[in-house]
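K.L.:
Submitted below is the structure of interest, expressed as structure tokens.
The values are calculated or read from the model by the stated rules, or taken from the named source; none is laboratory data. Here the structure is a predicted model, which is why all the values come from computation and not from measurement. Glycine gets a Cβ as well: all are built from the backbone with ideal geometry, and neighbour counts include every protein chain shown. Keep in mind that these areas ignore ligands, DNA and RNA; they rest on the heavy atoms of the full protein, side chains included. Shrake-Rupley method; radii C 1.70, N 1.55, O 1.52, S 1.80 Å.
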Amino acid sequence: MRIKEKDVIISMSGGLDSTCLALHMLSLGYRIKAYSFRYGQKHSVELKKLKRNIGFLAGKLPEQILSYQEIDLTPVFDESVSSLSIFGNGDIPAGEYDNGNMASTVIENRNIIFASIIYGKALSWSKKSGRECIITLGIHTGDHVIYPDCTERSQKAVAHTFKISNWGSEAVTYSAPFNKLDKGGVLAKGIAAMRKLGFTDKEITYVLKNTHTCYDPDDKGRSCGRCGSCTERKAAFEANGMKDPAQYI
């Protein structure tokens with residue numbers, strides 16, 4: 001495995017999108033420094049499943065190719081009114097994503113805050129290593145409908161702000177390679193990456209089983225199968241001719 005002279009700094013939730021993105025970048029030969037965030041999300045089971053995948057990947061890949069840190073941002077979001085937050089109000093709505101549905105799950109400025117943190121990490125890593133860094137998010141077209149901080153317009157504005165606000169920003173690139181793909185396309189990229197990395201079918205199933213997408217899991221971590229996130233995930237697996245290995249209620 002030839003390692004490129006750049007590091008990828010990724011916001012990795014444990015969901016299907018960011019996991020497939022990390023796998024994609026690993027298959028291209030990049031070192032990955034992954035950061036996840038605990039922010040009072042109702043679906044914090046995603047972090048438990050993420051740690052399983054990180055442990056598996058660390059044992060599968062060459063040493064020092066993948067590192068991981070969880071960052072607790074709970075106090076930052078403790079006044080959120082989002083239905084996705086343990087501090088907010090209301091239930092997670094059922095049904096597909098559209099302009100009216102799932103809007104209550106937006107957590108105020110969440111993705112901009114995450115991007116800002118990993119940009120700061122990228123600046124620090126590039127100065128320590130002398131290598132260029134890429135910060136990357138697993139944003140795709142399905143996110144654009146509901147989350148304004150996931151749109152291409154927002155990404156370009158944030159990237160510009162970061163660049164003009166920091167010394168050393170010439171060493172950091174802001175990237176969202178899945179921005180024009182739907183979730184089915186993201187899954188296809190993740191599967192292709194695992195095959196390129198030499199994963200067996202059983203290993204691919206294991207990794208995908210330990211991704212979490214549902215916004216309203218039960219106390220055993222099983223997906224509800226009703227929310228917009230579950231609906232989108234099911235469609236992604238169907239588009240790839242696969243059975244979703246996640247557990248549903």
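K.L.:
Per 5 Å bin, what percent of the C-alpha pairs of the chain does each bin hold, from zero upward?
P.N.:
Whole-percent P(r) values from 0 Å outward: 1, 6, 14, 18, 21, 18, 12, 7, 3, 0.
K.L.:
Share of the chain's accessible area from carbon and sulfur, percent, 1.4 Å? Could you put the intermediate results ahead of the total?
P.N.:
Numbers: 5800 of 11600 Å².
The C+S portion of the solvent-accessible surface of the chain is 50 percent.
K.L.:
Starting from the Cα coordinates of region 194-233, work out the convex hull volume and express it per residue in Å³.
P.N.:
73
K.L.:
Per residue Cα convex hull volume for region 50-191, in cubic angstrom?
P.N.:
About 148 Å³ per residue, rounded to a whole number.
K.L.:
Which of Ile107, Ile92, Ile71 ends up with the largest GNM mean-square fluctuation for the chain, with Cα atoms connected below 10 Å?
P.N.:
Comparing Ile107, Ile92, Ile71 in a Gaussian network model of the chain, the most mobile one is Ile71.
K.L.:
Now for a different question. Any idea how far the Cα center of region 189-235 sits from the one of region 1-66, in Å?
P.N.:
14
K.L.:
Per residue, how much accessible surface does the chain expose to a 1.4 Å probe? Answer in Å², no decimals.
P.N.:
On the way: 11600 Å² over 249 residues.
Value for the chain: 47 Å² per residue.
K.L.:
Can I ask one more? Rounded to the nearest 0.05, what FRET efficiency do Lys196 and Ile164 have when you use their Cβ-Cβ distance and R0 = 35 Å?
P.N.:
With a Förster radius of 35 Å, E is 0.45.
K.L.:
Connecting C-alpha atoms closer than 10 Å in a GNM of the chain, tell me which of Asn111, Asn53, Asn89 has the biggest fluctuation.
P.N.:
Asn89
K.L.:
Give me the base-10 log of I(q)/I(0) for region 133-237 at each q in 0.19 Å⁻¹, Debye formula, one uniform scatterer per Cα, rounded to two decimals.
P.N.:
-1.06
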